[in-house]
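*Asks:* Next up is a structure, given as structure tokens.
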Amino acid sequence: MVGLEIELHIIDEKGKLSYKGLDLINKIKTKYPEINVVKECGLNMVETGCYPHMNAYNPAVEMIGTIETIIRVAKENKLRVYPFGTYPGKTESRFTPDINGNYKIKEKIFGVENFSLATKAVGFHHYYALPKGVFDYEKKNLRLLIDSKLKRSLLNTYNFEIAIDPILTLLTQSSPFFEGKLLAKDSRMLIYRGGKKLGYPGLYSNFQQVGALPPYKQTETDLIRSIKRRQQRWKRAAKKADKNVNFGRMYATELDISWNPIKINKHGTLEQRGMDMNYMSIVLGVSVLLKSCLKKIQREFIEVIPSDIGIKDSFKLHNGIMYIPPHIFVREKLQKSSAYKGFDDDALYGYTKRFYMFAKSVTPEIYNPLLKNIENMIRKKSSVSDKIVGFAKRKKMIDSSGEISQKDAQVIALHFSKKFENDLKKTREIVEKIRIEHVGL
């Protein structure tokens with residue numbers, strides 16, 4: 001089953017970043033109490049999501065309807081949404097009131113300046129159900145299975161998602177500017193994950209265990225122990241920051257403590273949370289591809305094997321085996337290339353094409369219309385980040401130091417906010433057509 005969660009920046013009619021996120025949520029809830037829209041850590045953001053469902057088009061229909069409502073109420077209140085990874089101009093950090101203390105303890109652990117980075121980026125999360133039998137829904141944790149194909153299936157899908165993280169971040173990158181300056185193809189990855197592998201002082205630079213792209217796991221014992229070690233590491237940090245913190249109340253399960261791009265969460269799903277938010281055509285296209293791959297691996301018990309073979313012959317199936325690159329190659333080479341170079345990196349480009357060939361081959365043809373924008377992106381070697389930068393260059397907005405003015409940042413924000421709305425309308429038409437053809441309604 002598939003579920004989606006997205007975050008959106010809020011801007012005003014002039015393209016300035018707005019800090020009326022809570023006000024907007026209250027207006028939406030008053031008028032449409034059934035709409036799932038909630039606060040995020042920054043007052044400039046809102047979050048929405050949809051529950052896991054067997055068919056990819058059902059969460060798509062639900063999500064599109066919710067976003068349309070958010071946009072409609074926003075416009076009624078002289079606001080807009082800017083749904084891309086980072087706002088292009090300079091920003092302030094205004095935190096949402098923190099009733100439970102979750103934000104406050106992070107602020108103490110990271111420091112106010114570092115934690116402010118969490119308010120400056122929005123993303124898209126994808127959820128896919130774990131294989132049956134591997135998760136204990138009462139204890140909200142993994143079951144240790146000694147000899148089981150389901151256990152292998154869990155590890156295969158987990159490692160597969162790590163291997164394709166640089167591809168997914170490439171296909172969804174939409175954050176070239178950060179604080180008014182051209183930073184990278186995926187600035188959100190840098191400011192959020194950070195660390196030596198990315199060469200940037202991000203939010204989780206000093207806490208890579210809970211925020212960086214993790215290495216593969218060879219056994220379920222390795223996976224379970226890594227979860228426990230994360231909890232121990234974070235508990236030490238929390239107690240050091242505040243000796244009176246009620247850690248058990250704040251983090252009820254071990255699985256609450258992970259902000260890694262790939263994680264297993266307390267709902268029994270495999271969560272991909274490393275992607276920039278983007279056009280809904282891109283979000284849903286990536287979701288369909290990811291769902292189809294995970295379904296194939298789980299149902300056919302495909303063995304996903306890290307190997308040097310996987311560097312050049314990744315994602316090829318032979319006798320139930322798929323090879324992926326060593327995690328060092330993925331985490332140190334491809335991840336960094338995705339952030340800084342994007343489609344300009346030949347190794348990443350070839351890797352992405354091989355993934356797309358496999359993913360499309362296992363995706364039902366009925367979803368092909370949702371894949372056109374991704375296919376065009378790969379063919380033209382041009383991501384949404386590239387398009388945002390291209391627009392700024394054509395308008396001569398970027399100076400010799402790579403900076404843009406606040407006024408130009410507002411122009412960029414309004415321009416791409418409008419393009420998002422147009423894409424949303426077209427994507428609804430595609431999804432509705434798929435729904436009608438699939439269920440005959």
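*Asks:* Hey, W259 hits all of (1) in a helix (DSSP H, G or I); (2) within 22 Å of M1 (Cα to Cα); (3) within 17 Å of the chain's Cα centre (by Cα) but one; which does it fall short on?
*Replies:* (1)
*Asks:* Looking at R143, is it touching a strand residue (DSSP E or B) at 6+ places or on another chain (Cβ under 7 Å), touching a residue at least 12 places away in the same chain (Cβ under 8 Å) and surrounded by fewer than 18 Cβ atoms within 10 Å (Cβ to Cβ)?
*Replies:* On the way: touching a strand residue (DSSP E or B) at 6+ places or on another chain (Cβ under 7 Å): yes; touching a residue at least 12 places away in the same chain (Cβ under 8 Å): no; surrounded by fewer than 18 Cβ atoms within 10 Å (Cβ to Cβ): yes.
Taking the combined requirement at face value, the residue does not satisfy it.
*Asks:* Being part of a helix (DSSP H, G or I), touching a Lys or Arg at 6+ places or on another chain (Cβ under 8 Å) and either closer than 22 Å to K75 by Cβ or at pLDDT below 95 (or both) narrows it down to one residue among L424, L414; which is it?
*Replies:* L414
*Asks:* Among the residues of the stretch 286-320 satisfying the criterion of being in a loop (DSSP other than H, G, I, E, B) and of a type outside the set (G, A, S), which is surrounded by the fewest Cβ atoms within 10 Å (Cβ to Cβ)?
*Replies:* N319
Conditions tested, residue by residue: (1) surrounded by 15 or more Cβ atoms within 10 Å (Cβ to Cβ); (2) farther than 16 Å from R331 by Cα; (3) touching a strand residue (DSSP E or B) at 6+ places or on another chain (Cβ under 9 Å).
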{"residue": "D165", "(1), (2), (3)": "yes, no, yes"}
{"residue": "G180", "(1), (2), (3)": "yes, yes, yes"}
{"residue": "D186", "(1), (2), (3)": "yes, no, yes"}
{"residue": "L198", "(1), (2), (3)": "yes, no, no"}
{"residue": "V210", "(1), (2), (3)": "yes, no, no"}
{"residue": "K235", "(1), (2), (3)": "yes, yes, no"}
{"residue": "Y251", "(1), (2), (3)": "yes, yes, no"}
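*Asks:* Within the set of pairs 6 or more residues apart or between chains, which connect a residue that is among the polar types (S, T, N, Q) inside the stretch 25-38 to a residue that is surrounded by 13 or more Cβ atoms within 10 Å (Cβ to Cβ) with Cβ atoms less than 8 Å apart?
*Replies:* Short answer, once both residue conditions are applied: N36/T48; N36/G49; N36/C50; N36/T66.
*Asks:* Could you give me the residue pairs with C-beta distances under 7 Å whose first residue belongs to the stretch 329-357 and is closer than 15 Å to S382 by Cβ, whose second residue is hydroxyl-bearing (S, T, Y) and outside any helix (DSSP H, G or I) wherever it lies, and which are 6+ apart or on separate chains?
*Replies:* G342/S383; F343/S382; F343/S383
*Asks:* Looking at I35, I10, I6, which is the one that is within 22 Å of M280 (Cα to Cα), surrounded by fewer than 21 Cβ atoms within 10 Å (Cβ to Cβ) and touching a Gly at 6+ places or on another chain (Cβ under 9 Å)?
*Replies:* Answer to the check: I35.
*Asks:* Out of all the residues in the stretch 390-405, is one or more part of a helix (DSSP H, G or I), in contact (Cβ under 8 Å) with a residue 60 or more places away in the chain and either charged (D, E, K, R) or surrounded by fewer than 20 Cβ atoms within 10 Å (Cβ to Cβ) (or both)?
*Replies:* no
*Asks:* In the stretch 339-356, is there at least one residue being touching a helix residue (DSSP H, G or I) at 6+ places or on another chain (Cβ under 8 Å), part of a helix (DSSP H, G or I) and within 21 Å of Q209 (Cβ to Cβ)?
*Replies:* Among the residues of the stretch 339-356, at least one is touching a helix residue (DSSP H, G or I) at 6+ places or on another chain (Cβ under 8 Å), part of a helix (DSSP H, G or I) and within 21 Å of Q209 (Cβ to Cβ), which makes the answer yes.
*Asks:* Here is a follow-up. Being small (G, A, S) and assigned to a loop (DSSP other than H, G, I, E, B) is the filter; apply it to the stretch 64-102 and report the residue that is farthest from H415 (Cα to Cα).
*Replies:* In this case the residue turns out to be G101.
*Asks:* Turning to a different aspect of this structure: Any residue in the stretch 208-236 that is farther than 19 Å from G194 by Cα and of a type in the set (S, T, N, Q) sitting within a Cβ distance under 9 Å of a residue that is modelled with pLDDT under 95 and in a helix (DSSP H, G or I)? List the pairs, counting only those 6 or more apart or interchain.
*Replies:* Note: pairs meeting the criteria are T219/K151.
The values are calculated or read from the model by the stated rules, or taken from the named source; none is laboratory data. If you're wondering where the values come from, they're calculated on a predicted model, not measured in any experiment. Positions of Cβ are generated from backbone atoms using ideal geometry, with glycine treated the same way; all protein chains shown enter the neighbour counts.
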